[in-house]
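Contents: one structure, followed by commentary.
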Amino acid sequence: MSAPTPRSARLAQSPAVLREGRWWLVADAGSVPVADPAFTTVLDGFAEAVAAADRAVADLRARPSEPSASNTRGRR
């Protein structure tokens, strides 16, 4: 089960922003809604991949630290 989609979120460091379930391209000059269904499908997939990567990193950071094999070599 995936987490609920936020009402508004910027996709990584891109100009793509999800607002109320719709993708927009945002720049200083203004905003343009993304109308191409193929492009929105790609943006949805990329957003899911970024969210999964963020969760994986958070899981790794939450694990207790374990000494690596290289850190234990040569110790007596």
- Out of residues 5 or more away from W23 or on other chains, whose amide H comes under 5 Å of its own, with H placed 1.01 Å from N in the peptide plane? V34
- Note on the structure: Counting sequence-distant residues (5 or more places) and residues on other chains, those with an amide H built under 5 Å from that of S14 are none
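None of the figures in this text is laboratory data; all of them are computed from the coordinates on show. The structure presented is a predicted model; accordingly, all values stated were derived computationally and were not measured.
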